[in-house]
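Undergrad: Before anything else, here's the structure in question.
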Amino acid sequence: MSRSFARLFPGARHARRSSPGLGRLPKPADAARRLEHAGALDGTVRVLADAVQRRTGSGTQADALHGVWLGQPVHPALTGLPVGFWTSAAVLDFVPGSRRASQVLIALGLAGSVPTAAAGLADWSSLHREQQRVGVVHAAANASAMALFAGSLLARTAGRHTEGRALALGGLAALTASTYLGRHLAFPLGAGASHAESVSHLAPLGWHDLCRIYDLPDGRVAQRQLGYLSLVVVRQGSDVLALADRCAHLGGPLHQGTLTNAEDDPCVTCPWHGSVFRLSDGTVVHGPATARQPAFDTRIVEGGMVQVRPTRPGG
Ligand code: FES
């Protein structure tokens, strides 16, 4: 420490000795990590997840909420509505003559938060337990933000504008915390991302021997290795269909799943959360997965050898 610095800040030397150090200060990421292991949340998580799954089921309604029709989760896309409207309203509160505009934006944010919450809950009910613990706090922060903005709108319509502005600032704080936890779920914990995407980059180009067709059980799901990649393989007579084994939703082992049919196309159902993929091309038939499962072209060559190569879109 330089002399001039010590003269300006005489307590600095002492403060440095007694401080635990900047590296050990609590950080938002540490707090989020602790939530992943907060077993005290499990009771709430179980009850809420059961209730959501009973309400949404596993059919068309659930697929719509997950975003099977969109090819990606709907929840992150919808999140922009309440976040955008409410943030704009809180900013406009500092601009004279914007009372009416702030009220409209808060009302639009409340309207947008309903489908956003429904899609988020549907996704959350099919996550790993650690993700669900973080997710339930994320949902509680969102519910607080909704309540505070609803209170803000009521106060404003009753003419209590100062109270309305204060409640909006509280709502914005809850929204900021919730947004951080949502990003923690999406990025460090990978909720919503495809867990099979890397296969497209790891699979060697060109045709490769996999196994002999006679070694595959007919009409049953099997697992075979292509180097260090695991494939789920189904033989149907002289046809062989193959997908990446690691489920795009959260990495479940598809070879432990069941063989089903959708519109006469053979499909495999993931044993973890029930996503259904068409075996011919990896299309998602039912969620919670929204990303296509990497598929492999197959052919039978001399000696009954099954060869595979990664299916390229359009190729
Ligand atoms: S891991 Fe969730 S459906 Fe496959």
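Each reported figure results from applying straightforward, stated rules to the coordinates on display, with no laboratory input. Computed from a prediction, not measured in an experiment: that's the story for all the values here. Don't worry about glycine lacking a Cβ; one is built from the backbone with ideal geometry, like all the others, and counts go over all protein chains shown.
Undergrad: Tell me, rounded to the nearest percent, the portion of alpha carbon pairs in the range 234-304 spaced more than 16 Å apart. Intermediate results must be reported in sequence, preceding the final value.
TA: Numbers: 1027 of 2485 pairs.
Everything past 16 Å amounts to 41 percent.
Undergrad: Would you mind counting up the charge near Leu250? Only other residues with Cβ under 12 Å from its Cβ, with Lys and Arg at +1 and Asp and Glu at -1. Before the final figure, lay out each step's value.
TA: On the way: positive: Arg129, Arg246; negative: Asp123, Glu130.
Neighbour charge sum, excluding Leu250 itself: 0.
Undergrad: Just rank Thr290, Thr269, Thr260, fewest to most, by other beta-carbon atoms within 10 angstrom.
TA: Details: Thr290 22, Thr269 19, Thr260 15.
Taking fewest neighbouring Cβ atoms as first place, the list is Thr260, Thr269, Thr290.
Undergrad: With only Lys, Arg, Asp and Glu charged, each at its Cβ (+1 for the first two, -1 for the last two), find how big the charge dipole of the chain is about the Cα centre; round to the nearest 20 debye.
TA: Details: 30 positive and 21 negative charges, 433 e Å.
Dipole about the Cα centre, nearest 20: 2080 debye.
Undergrad: Further, regarding this structure: Relative to the present Cα-Cα distance, how much length would full extension add between Val301 and Asp265 at 0.36 nm per residue of separation? If you can, show how the numbers build up before the last one.
TA: Values: separation 36, 0.36 × 36 = 12.96 nm, distance 2.41 nm.
Length gained, Val301 through Asp265: 10.6 nm.
Undergrad: On average over all directions, what projected area in square nanometres does the chain have, based on the convex hull of its Cα atoms? Kindly include the intermediate steps, with their values, before the conclusion.
TA: Details: hull surface 100.5 nm².
Averaging across all directions leaves 25.1 nm² for the Cα convex hull.
Undergrad: Hey, another quick one. Distance from a point 7 Å along Cα→Cβ of Ser238 to each backbone N in the range 287-306: keep the residues under 17 Å and list them by number.
TA: 298-306
Undergrad: With the contact rule set at Cα under 8 Å and sequence spacing of 6 or more, what percent relative contact order holds for the range 58-156? Write out the running numbers ahead of the final one.
TA: On the way: 76 pairs, mean separation 28.3, N = 99.
Dividing the mean separation by the residue count of the range 58-156 yields 29 percent.
Undergrad: Also: PRE reach from Thr258 (point 7 Å along Cα→Cβ): which of the range 44-59 fall under 15 Å by backbone N?
TA: 58-59, by backbone N distance to the label point.
Undergrad: When all C-alpha to C-alpha distances in the range 87-245 are sorted into bins of 10 Å, what percent of pairs does each bin hold, rounded to whole numbers?
TA: Computed distribution, short to long bins: 9, 26, 18, 16, 12, 10, 7, 1.
Undergrad: Got a sec to turn the phi values of the range 238-249 into Karplus ³J(HN,Hα) couplings, 6.51 cos²θ - 1.76 cosθ + 1.60 with θ = phi - 60°, whole Hz, x for Gly and Pro?
TA: 9, 9, 10, 10, 9, 10, 4, 7, 7, 4, 4, 5
Undergrad: Once amide H atoms are placed 1.01 Å from N in the peptide plane, what residues at a sequence separation of 5 or more from Cys247, or on another chain, have their amide H within under 5 Å of its amide H?
TA: For Cys247, the qualifying residues are Gly252, Leu254.
Undergrad: Roughly what percent of Cα-Cα pairs across the range 188-315 reach past 21 Å?
TA: Numbers: 2684 of 8128 pairs.
That fraction is 33 percent.
Undergrad: Starting from the 7 Å offset along Cα-to-Cβ, what nm value, one decimal, do you get for the label separation of Phe187 and Arg54?
TA: Taking the simple label geometry, Phe187 and Arg54 are separated by 3.8 nm.
Undergrad: Hey, fewest Cβ within 10 Å first, where do Ile106, Ile213 land in order?
TA: Details: Ile106 27, Ile213 18.
Ascending Cβ contact count within 10 Å gives the list Ile213, Ile106.
Undergrad: Ok, one more. Search the structure for amide H atoms under 5 Å from the amide H of His286, placed 1.01 Å from N in the peptide plane, and list their residues when 5 or more places away or on another chain.
TA: Answer set, sorted by chain and number: Val276.
Undergrad: Something else now. Full extension from His161 to Arg312: what is 0.36 nm times the residue separation minus their Cα-Cα distance, to one decimal in nm? Display every interim value, and only then the final one.
TA: Details: separation 151, 0.36 × 151 = 54.36 nm, distance 5.83 nm.
Length difference between fully extended and current span is 48.5 nm.
Undergrad: On to the next question. Once whole DSSP H runs in the chain are found, which of them have Cα atoms spread over 27 Å or more along the helix axis and a mean Kyte-Doolittle score of at least 0.5? Mind showing how you got there, number by number?
TA: On the way: long enough: 74-92 (28 Å, 1.15); 99-124 (36 Å, 0.72); 129-157 (42 Å, 0.32); 161-186 (36 Å, 0.34).
In the chain, the long hydrophobic H runs are 74-92, 99-124.
Undergrad: Mind sorting Trp86, Trp272, Trp69 by how few other Cβ atoms lie within 10 Å of their own Cβ, fewest first?
TA: With the fewest neighbours first, Trp86, Trp272, Trp69 line up as Trp69, Trp272, Trp86.
Undergrad: Counting alpha carbon pairs within less than 8 Å and at least 6 residues apart, what relative contact order, in whole percent, applies to the range 196-266?
TA: Working: 95 pairs, mean separation 18.4, N = 71.
Relative contact order of the range 196-266: 26 percent.
Undergrad: For the chain, what relative contact order do you get, as a whole percent, if you take Cα pairs closer than 8 Å and at least 6 residues apart? Let's see the in-between values first.
TA: Values: 511 pairs, mean separation 48.0, N = 315.
RCO, the chain: 15 percent.
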